[in-house]
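Here the structure is laid out as structure tokens; the discussion comes afterwards.
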Amino acid sequence: MIDPTVVLIVIGVAAFAISGVIAGARQDANIFTVLVLGVVTAIGGGTVRDIILNIPVFWVGDFAIVWLAILASLVAFLFAPLFRERLGKALLYADTIGVAFFSVAAIDKTLALGHTGEVAVIMGFVTACMGGIIRDLLTGRSPLVIASEELFVTPVLIGGILYVLLLDLVPRYAVHWPVVAICFIVIFRGIAIETGLQFPRWLRMRPGKRAE
């Protein structure tokens, strides 16, 4: 039987690799640069997570993950011209799928190591966001985590908390909760992308004001 966590990682790696390629396509990067962006985006968050948890880095023991990222990057590179006019939104949705699957996979891995639910939520958040941060920095863009005015990372955090609570409160349905959490994150972020959903004005810094 296939380990559900493996499935989550595979889909997350592919989605993040594609988002890295899309980011490169926006700058007309060459194929080597695109591959680097795709792989770094795919494995960056999980690498940081494993370093923090002081465990073997996930792709070192299973290099097939890197090959998957390379393959996904090549496929995305070939098909990028088909959606060149909508690269911005394509990037957001590829990133959305990646963060949803990686967040849940990271929470599962952290809990399996015996850490608390609070730690698991943070590791899920770090894993989901760090690959995209590295991607954006390499392409000279302000990280979407910071630059996006929409509710970009909030769905990941809330979805992670929801997932941990469901596992703790209703463990008998544990096999179903990953799907629920992933769907919650994807739908929540999809709504934010399509509608420009933001925090209410009283929870945001005023335009033109900077923290001292």
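The values are calculated or read from the model by the stated rules, or taken from the named source; none is laboratory data. Here the structure is a predicted model, which means the values were calculated and not measured. Note that each Cβ is placed from the backbone with ideal geometry, even for glycine, and that neighbours are counted across all protein chains shown. Just so you know, the surface numbers come from the protein's heavy atoms only, side chains and all, with ligands and any DNA or RNA stripped out. Shrake-Rupley method; radii C 1.70, N 1.55, O 1.52, S 1.80 Å.
Without any contact (Cβ under 8 Å) to a residue 40 or more places away in the chain, under 21 Å from residue 120 (Cα atoms) and of a type outside the set (A, V, I, L, M, F, W, C) - does that describe any residue in the stretch 16-33? No, that holds for no residue. Just so you know, in the stretch 152-196 the residues that are surrounded by fewer than 19 Cβ atoms within 10 Å (Cβ to Cβ) and hydroxyl-bearing (Ser, Thr, Tyr) include one that is farthest from residue 90 (Cα to Cα), and it is 173. In a residue-by-residue description of the stretch 62-69, the property of being under 13 Å from residue 105 (Cβ atoms) and either in a helix (DSSP H, G or I) or not β-branched (Val, Ile, Thr) (or both) applies to at least one position.
The test for being in contact with a helix residue (DSSP H, G or I) (Cβ under 9 Å, 6 or more places away or on another chain) and surrounded by 19 or more Cβ atoms within 10 Å (Cβ to Cβ) holds for residue 69. Any residue in the stretch 194-209 that is under 16 Å from residue 155 (Cα atoms) and aromatic (Phe, Trp, Tyr) sitting within a Cβ distance under 9 Å of a residue that is part of a loop (DSSP other than H, G, I, E, B) and modelled with pLDDT of 75 or more? List the pairs, counting only those 6 or more apart or interchain. Filtered contacts from the stretch 194-209: 199/151. Selection of the stretch 135-189 for residues being in contact with a Pro (Cβ under 9 Å, 6 or more places away or on another chain), under 17 Å from residue 16 (Cα atoms) and touching a residue at least 40 places away in the same chain (Cβ under 8 Å) yields 135, 136, 185, 186, 189. With respect to the conditions (1) hydroxyl-bearing (Ser, Thr, Tyr); (2) open to solvent by less than 50 Å² (accessible area, probe 1.4 Å); (3) without any contact (Cβ under 8 Å) to a residue 12 or more places away in the chain, residue 116 falls short on a single one, namely (2). For the stretch 74-92, does any single residue satisfy the condition of being over 15 Å from residue 43 (Cβ atoms), surrounded by fewer than 13 Cβ atoms within 10 Å (Cβ to Cβ), touching a residue at least 60 places away in the same chain (Cβ under 8 Å) and not acidic (Asp, Glu)? Scanning the stretch 74-92 turns up at least one residue that is over 15 Å from residue 43 (Cβ atoms), surrounded by fewer than 13 Cβ atoms within 10 Å (Cβ to Cβ), touching a residue at least 60 places away in the same chain (Cβ under 8 Å) and not acidic (Asp, Glu). Each residue in the stretch 123-151 was checked for being within 11 Å of the chain's Cα centre (by Cα) and either outside any helix (DSSP H, G or I) or aliphatic (A, V, I, L, M) (or both), and 5 pass. Checking each residue in the stretch 1-28 for being open to solvent by 30 Å² or more (accessible area, probe 1.4 Å) and of a type in the set (A, V, I, L, M, F, W, C) picks out 1, 2, 6, 7, 9, 10, 11, 18. Residues that are open to solvent by 10 Å² or more (accessible area, probe 1.4 Å) and of a type in the set (Val, Ile, Thr) within the stretch 98-113 are absent altogether.
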